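J.: Got a structure for you, questions after.
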Amino acid sequence: MLSRLMDFLCACWRRRSSDGKGGSDVSGRKEGLLWYKDVGQHLFGEYSMAVVQANNLLEDQSQVESGPLSLLENGPYGTFVGVYDGHGGPETSRYICDRLFQHLKRNGFFFLKRFASEQKSMSVDVIRKAYQATEEGFLSVVTKEWPMNAQIAAVGSCCLVSVICGGVLYVANLGDSRAVLGRVVRATGEVLAIQLSSEHNVAIESVRQEMHSLHPDDPKIVVLKHNVWRVKGLIQVSRSIGDVYLKKAEFNKEPLYAKFRLREAFKRPILSSDPSISVHELQQHDQFLIFASDGLWEHLSNQDAVDIVQNHPHTGSARKLIKAALLEAAKKREMRYSDLKKIDRGVRRHFHDDITVVVVFLDSNLVSRASSLRGPPLSVRGGGVPLPSRTLAPCAEPMELNSS
């Protein structure tokens with residue numbers, strides 16, 4: 001009975017979030033390969049979003065959700081941001097965008113009912129279990145589609161999630177997307193860039209060392225191929241959702257394309273889907289947050305990005321960051337920005353990756369009243385109205401949570 005009720009509530013929430021009712025907002029503007037929403041209002045201030053496509057199919061997905069964070073009517077309210085940088089195709093990132101927030105709300109319901117019904121807050125366990133449920137859901141999709149479409153086993157996605165709730169910021173990450181905080185130094189008025197997310201790209205020496213420590217019997221767990229460090233010579237990130245061919249040996253065989261198949265068998269997963277999660281008490285001088293896929297950080301430093309946001313009006317902040325990155329990409333190729341903009345998708349990938357940026361501004365007065373704030377639900381996806389994923393699976397049951 002409880003299961004049917006939760007499925008019904010889950011379906012109702014999805015309909016409200018996509019049909020333009022209940023305060024949802026799917027507007028924005030499109031100019032060629034660029035989509036942007038210059039300004040909108042979330043529970044604790046303003047936000048700005050922008051996406052520029054480089055691949056034949058847009059592999060980046062993103063979302064901003066603001067309002068209830070659980071299926072309980074009197075549960076916690078807050079703002080959720082997700083940036084999903086797909087690779088090998090768009091299926092995994094679309095699946096995450098369709099599912100992860102719903103898993104978080106369902107597991108939040110379970111957590112509040114079982115452990116902390118008197119607290120209107122978020123939990124690291126809830127976020128971790130939402131990741132786990134999303135990973136397991138996509139594995140089910142791969143298992144079902146394997147006989148007809150084996151290549152889906154080689155599709156994956158980085159996954160950066162942030163939840164602002166009760167004056168606390170939670171940041172969870174798989175892969176190399178990045179969350180950066182802009183914080184004012186009161187004594188000087190300078191705005192510092194503080195990176196909040198841990199990255200899992202084997203270009204970073206500490207990540208390579210971690211991979212070697214996790215796989216001591218495999219000296220070739222990370223190799224330098226065409227001057228780029230890659231896990232097994234195939235992929236740059238050590239953690240992701242999807243990429244099942246490097247997690248389950250039964251999918252690393254024909255009919256998967258030979259370029260993905262490993263010669264040697266493996267007994268334990270090569271990649272992990274366990275996110276790094278950090279928790280931060282928001283302070284009065286925390287001004288804004290920048291969430292972006294790796295495509296932005298290839299061209300801009302943390303401080304460069306923070307300075308651009310700080311020195312311009314809130315409206316259009318995300319679009320300004322993407323333009324700055326494209327200017328750098330054009331400069332590296334010794335070409336004009338106007339000429340870069342004329343290059344079509346697919347070919348554009350030789351100059352830059354898909355880039356997604358979400359800037360979330362923090363109104364300290366609203367953040368300080370977080371426990372009492374309420375508002376209509378907001379649901380926005382990068383690119384505008386979302387395309388339903390063909391790999392959509394039913395909502396899963398809430399997962400058991402540890403009380404620790």
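The values are calculated or read from the model by the stated rules, or taken from the named source; none is laboratory data. Keep in mind that what you see is a predicted model, and the values were worked out from it rather than measured. Positions of Cβ are backbone-derived with ideal geometry, glycine not excepted, and every protein chain shown enters the neighbour counts. Keep in mind that these areas ignore ligands, DNA and RNA; they rest on the heavy atoms of the full protein, side chains included. Shrake-Rupley method; radii C 1.70, N 1.55, O 1.52, S 1.80 Å.
J.: For the range 120-152: of the residues being out of contact with any helix residue (DSSP H, G or I) (no Cβ under 9 Å at 6 or more places or on another chain) and of a type in the set (A, V, I, L, M), which is nearest to LEU256 (Cα to Cα)?
T.: Among them, the one singled out is MET148.
J.: Condition check: open to solvent by 10 Å² or more (accessible area, probe 1.4 Å) and in contact with a Pro (Cβ under 7 Å, 6 or more places away or on another chain). Does ARG186 satisfy that?
T.: Taking the combined requirement at face value, the residue does not satisfy it.
J.: With respect to LEU282, determine if the residue is of a type outside the set (Val, Ile, Thr) and more than 30 Å from LYS225 (Cβ to Cβ). Steps first, answer last, please.
T.: Working: of a type outside the set (Val, Ile, Thr): yes; more than 30 Å from LYS225 (Cβ to Cβ): yes.
Taking the combined requirement at face value, the residue satisfies it.
J.: Next up: Would you mind stating whether ILE290 is closer than 30 Å to GLU135 by Cβ and either surrounded by 15 or more Cβ atoms within 10 Å (Cβ to Cβ) or of a type in the set (A, V, I, L, M, F, W, C) (or both)?
T.: For ILE290, the condition - closer than 30 Å to GLU135 by Cβ and either surrounded by 15 or more Cβ atoms within 10 Å (Cβ to Cβ) or of a type in the set (A, V, I, L, M, F, W, C) (or both) - is met.
J.: Condition first: in contact (Cβ under 8 Å) with a residue 60 or more places away in the chain, closer than 30 Å to MET122 by Cα and either within 23 Å of the chain's Cα centre (by Cα) or in a strand (DSSP E or B) (or both). Can you find one or more residues in the range 332-355 that meet it?
T.: Yes: the range 332-355 contains one or more residues that are in contact (Cβ under 8 Å) with a residue 60 or more places away in the chain, closer than 30 Å to MET122 by Cα and either within 23 Å of the chain's Cα centre (by Cα) or in a strand (DSSP E or B) (or both).
J.: Another question, then. Listed residues LEU169, LEU234; which is modelled with pLDDT of 95 or more, out of contact with any Ser or Thr (no Cβ under 9 Å at 6 or more places or on another chain) and farther than 23 Å from ASP98 by Cβ?
T.: None of the others qualify; the one that does is LEU234.
J.: Now for a different question. Please go through the range 219-249 and pick out each residue that is among the charged types (D, E, K, R), open to solvent by 40 Å² or more (accessible area, probe 1.4 Å) and more than 21 Å from ASN173 (Cα to Cα).
T.: LYS220, LYS225, LYS248 - these are the residues of the range 219-249 that are among the charged types (D, E, K, R), open to solvent by 40 Å² or more (accessible area, probe 1.4 Å) and more than 21 Å from ASN173 (Cα to Cα).
J.: Under 6 Å between Cβ atoms, at least 6 apart or on separate chains: pull out the pairs that start in the range 97-118 with a residue that is modelled with pLDDT under 55 and end on any residue that is part of a helix (DSSP H, G or I).
T.: Filtered contacts from the range 97-118: PHE111/VAL126.
J.: Hey, another quick one. For the range 172-212, name all the residues that are hydroxyl-bearing (Ser, Thr, Tyr) and over 15 Å from ILE277 (Cβ atoms). Break it down into steps so the answer makes sense when it comes.
T.: The initial filter retains those residues of the range 172-212 that are hydroxyl-bearing (Ser, Thr, Tyr), namely 177, 188, 197-198, 206.
Across the range 172-212, the qualifying residues are THR188, SER206.
J.: Among residues belonging to the range 207-218 that are over 24 Å from the mean Cα position of the chain (by Cα) and acidic (Asp, Glu), point out the one that is surrounded by the fewest Cβ atoms within 10 Å (Cβ to Cβ). Walk me through it before giving the result.
T.: Let us first name the residues in the range 207-218 that are over 24 Å from the mean Cα position of the chain (by Cα), namely 209, 212-218.
Restricting the remaining residues to those that are acidic (Asp, Glu) gives 217-218.
Numbers: ASP217: 6, ASP218: 14.
Selected residue: ASP217.
J.: Might you check whether a residue that is modelled with pLDDT under 90 and touching an Asp or Glu at 6+ places or on another chain (Cβ under 9 Å) occurs anywhere in the range 27-38? Walk me through it before giving the result.
T.: The initial filter retains those residues of the range 27-38 that are modelled with pLDDT under 90, namely 27-28.
Now drop any that are not touching an Asp or Glu at 6+ places or on another chain (Cβ under 9 Å), which leaves 28.
Scanning the range 27-38 turns up at least one residue that is modelled with pLDDT under 90 and touching an Asp or Glu at 6+ places or on another chain (Cβ under 9 Å).
J.: Right, something else. Would you pick out the residues in the range 120-179 that are crowded, with 22+ Cβ neighbours inside 10 Å and basic (Lys, Arg)?
T.: Within the range 120-179, LYS129, ARG178 meet the criteria.
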